[in-house]
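Quick notes on the structure that follows.
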Amino acid sequence: PGSVEGYEGAAEDAELQTCESDGQALHVGGTVNNPVSETQDYRIYVSAMDGAETMGIVQVDVPGVPAGESADWGTELALSSNTLECVLRVERFPSE
């Protein structure tokens, strides 16, 4: 994954609500809450971790979240383990 130039770290803006395997895929989802006074785009990196080992990573883009509002996001990884933990890295940057 690649970061957007000029991004701001925004882990506090994101909430992880789902990190569950159905035996065929790891389903991940949540919300982002834009606390600033202008519309923002978000880039969320979801790492599927087995202890200290990264088993997979996926990027989720959430464009155009209006000031003071929230947006849902979701994705899945082709992983079937029931023991994985999801870790988020969140970037926020102004919408163009």
- Note on the structure: Given the conditions (1) surrounded by 12 or more Cβ atoms within 10 Å (Cβ to Cβ); (2) without any contact (Cβ under 8 Å) to a residue 40 or more places away in the chain, every one holds for residue 13 apart from (2)
- Go through 42, 7 for me and flag whichever is open to solvent by less than 60 Å² (accessible area, probe 1.4 Å), of a type outside the set (Lys, Arg) and out of contact with any Leu (no Cβ under 6 Å at 6 or more places or on another chain). 42
- Message: Quick check on residue 48: is it open to solvent by less than 70 Å² (accessible area, probe 1.4 Å), in contact with a Leu (Cβ under 8 Å, 6 or more places away or on another chain), more than 14 Å from residue 90 (Cα to Cα) and of a type outside the set (Asp, Glu)?
- Response: yes
- Message: When you check residue 91 against the structure, is it open to solvent by 20 Å² or more (accessible area, probe 1.4 Å), among the charged types (D, E, K, R) and either closer than 16 Å to residue 7 by Cβ or part of a strand (DSSP E or B) (or both), yes or no?
- Response: no
- Subset of the stretch 51-71 (residues that are over 13 Å from residue 95 (Cβ atoms) and either part of a strand (DSSP E or B) or without any contact (Cβ under 8 Å) to a residue 12 or more places away in the chain (or both)): 51, 52, 53, 54, 55, 56, 57, 58, 59, 60, 70
- Message: Can you find, within the stretch 72-85, the residue that is farthest from residue 20 (Cα to Cα) among those that are open to solvent by less than 70 Å² (accessible area, probe 1.4 Å) and not in a loop (DSSP other than H, G, I, E, B)?
- Response: 73
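The values are calculated or read from the model by the stated rules, or taken from the named source; none is laboratory data. From a predicted model like this one, the values you see are computed outputs, not experimental measurements. Positions of Cβ are backbone-derived with ideal geometry, glycine not excepted, and every protein chain shown enters the neighbour counts. Accessible surface areas use protein heavy atoms only, side chains included; no ligands, DNA or RNA. Shrake-Rupley method; radii C 1.70, N 1.55, O 1.52, S 1.80 Å.
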